[in-house]
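Visitor: Okay, here's the structure, questions in a sec.
The values are calculated or read from the model by the stated rules, or taken from the named source; none is laboratory data. Remember, predicted model here, so these are calculated numbers, not experimental data. Glycine also receives a Cβ, built like all others from the backbone with ideal geometry; neighbour counts cover every protein chain displayed. Quick note on the areas: whole protein, heavy atoms, side chains included, nothing else; ligands and nucleic acids left out. Shrake-Rupley method; radii C 1.70, N 1.55, O 1.52, S 1.80 Å.
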Amino acid sequence: MLQPFMPCGLQPGCVSLGRMNSADQLPPSWRPALEPVLQAASLRALVSFLQAEERSGKIVYPPRGQRLAALQLTPLDQVRVVILGQDPYHGPGQAHGLAFSVQDGVKVPPSLVNIYKEREADLGIPRATHGNLTHWAQQGVLLLNNALTVEAANAGSHQGKGWEPFTDAAIAAVAARADPTVFILWGSHAQKKASRVPGLATGPHLVLKAPHPSPLSAHNGFFGSRPFSQANAFLEAHVRGTIDWRV
């Protein structure tokens, strides 16, 4: 049964992601798989980089306390679907730690508009008026970006700064589990990242690949790919339930 989300600071056994911030903590379910990478030089460099960026007055999104939201909302043992993004939205009030998702009251971004269009065509679910995907995350959909932070108004600015080994390890931890899981890979960036995961293609999982839902590429095969119905059919066939894709 899915457990209600509780901030990691209120849960026993949570560990902080280095010295990044006491509110950005690694939930207990992820700790055995990810704690080794916390000791790596890349993570120490990342922490130092983020601290220096903020000391210099730069704005970093998402805000502190939301940077590990994907892991906090979706415990490792409850992951049923993985959707990979690239990096957080870089506009004010948008990013809150979930790939493709924005906070309530924020205009739905173009890529998410296209995701909603495909969901409507696939499942008949009307397009939502908001872009908050928390409901998906709470059901076991891991909405994980490649980098978990970004400088305001500077897309991709925290790529290559140390997040990749951490998020690679998170994906590998899911792939290593025996529970059949759906990996939805939109665009070459997500597909390349997943290709680094040992055994993903040969394990008990379903890997769905399609172009990115960006307006620049959605008409090249994203539309019509039907990822939502395919994911649910696979999960149901493996007695893992189905996802309510409404938001």
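Visitor: With a cut-off of at most 13 other beta carbons within 10 Å, and DSSP calling the residue loop, which trypsin sites (Lys or Arg not before Pro) in the range 190-247 qualify? Please list them. Provide the component values of the computation, followed by the final result.
Guide: On the way: sites: 192, 193, 196, 209, 240, 246; in loops: 196, 240, 246.
Answer by residue number: 196, 246.
Visitor: What does the helix-only formula give at 222 nm for the chain: each DSSP H stretch with n ≥ 4 adding -39500 (n - 2.57), the total divided by the residues, and the result rounded to the nearest 500 deg cm²/dmol?
Guide: The helix contribution divided over the chain gives -9000 deg cm²/dmol.
Visitor: Can you check what the net charge comes to around residue 95, using other residues whose Cβ is under 14 Å from the Cβ of residue 95 (Lys, Arg +1; Asp, Glu -1)?
Guide: Values: positive: 64, 67, 107; negative: 24, 87, 104, 151.
Charge balance in the 14 Å sphere: -1.
Visitor: Could you please report the charge total around residue 113, scoring K, R as +1 and D, E as -1 over all other residues with beta-carbon less than 12 angstrom from its beta-carbon?
Guide: In short, +2.
Visitor: Let me check I have the definition right: for the range 56-190, take the eigenvalues of the Cα gyration tensor, multiply each by 5, take square roots. What are those semi-axes in whole Å, largest first?
Guide: Its equivalent ellipsoid spans semi-axes of 22, 20, 13 Å.
Visitor: What lysines could a cross-link reach from residue 107, if we take a straight Cα to Cα line under 26 Å and drop same-chain neighbours fewer than 8 places away?
Guide: Straight-line reach from residue 107, under 26 Å: 58, 117.
Visitor: Here's another thing I want to ask about it. What is the antiparallel percent of DSSP beta bridges lying wholly in the chain, to the nearest 5?
Guide: So the antiparallel bridges amount to about 30 percent of the total.
Visitor: If we count every other residue with Cβ under 13 angstrom of residue 83's Cβ, Lys/Arg +1 and Asp/Glu -1, where does the sum land?
Guide: Combined, the nearby Lys, Arg, Asp and Glu give +3.
Visitor: Another question, then. In Å, what is the Rg of the alpha-carbon atoms in the range 160-247, and how long is Dmax?
Guide: Cα-based Rg and Dmax for the range 160-247 come out at 13.9, 40 Å.
Visitor: Give the long-range amide H neighbours of residue 145: residues separated by 5 or more places, or on another chain, with amide H under 5 Å away, using H modelled in the peptide plane at 1.01 Å from N.
Guide: Here 85, 99 satisfy the definition.
Visitor: Decide, for the range 54-119, between rounded, prolate and oblate: order the square roots of the alpha carbon gyration tensor eigenvalues as a ≥ b ≥ c, take rounded if a/c falls under 1.5, and otherwise choose prolate if a/b is larger than b/c, else oblate.
Guide: Cα axes put the range 54-119 in the oblate bin.
Visitor: Here is a further query. With a 1.4 Å probe and every protein chain kept in, tell me what percent of the accessible surface of the chain is carbon plus sulfur. Mind dumping the intermediate values first?
Guide: Working: 5910 of 10750 Å².
On the chain, the fraction of accessible area on carbon and sulfur atoms equals 55 percent.
Visitor: Moving on to the next point. Along the principal axes of its C-alpha atoms, what lengths does the chain span, in descending order and rounded to whole Å?
Guide: Dimensions of the chain along the principal axes of its Cα atoms: 47, 37, 32 Å.
Visitor: Now, a different point. Just need the relative contact order of the chain here, percent rounded to a whole number, with Cα pairs under 8 Å and 6+ apart.
Guide: Once normalised by length, the contact order is 21 percent.
Visitor: Taking the Cβ-Cβ separation of residue 201 and residue 164 as r and a Förster radius of 22 Å, what is the calculated FRET efficiency to the nearest 0.05?
Guide: So the FRET efficiency works out to roughly 0.65.
Visitor: Going by average Cβ density within 10 Å per residue, which order do the peptides 197-205, 177-185 take, highest to lowest? Before the final figure, lay out the partial values.
Guide: Working: 197-205: 14.4, 177-185: 19.0.
For the peptides 197-205, 177-185, the packing ranking is 177-185, 197-205.
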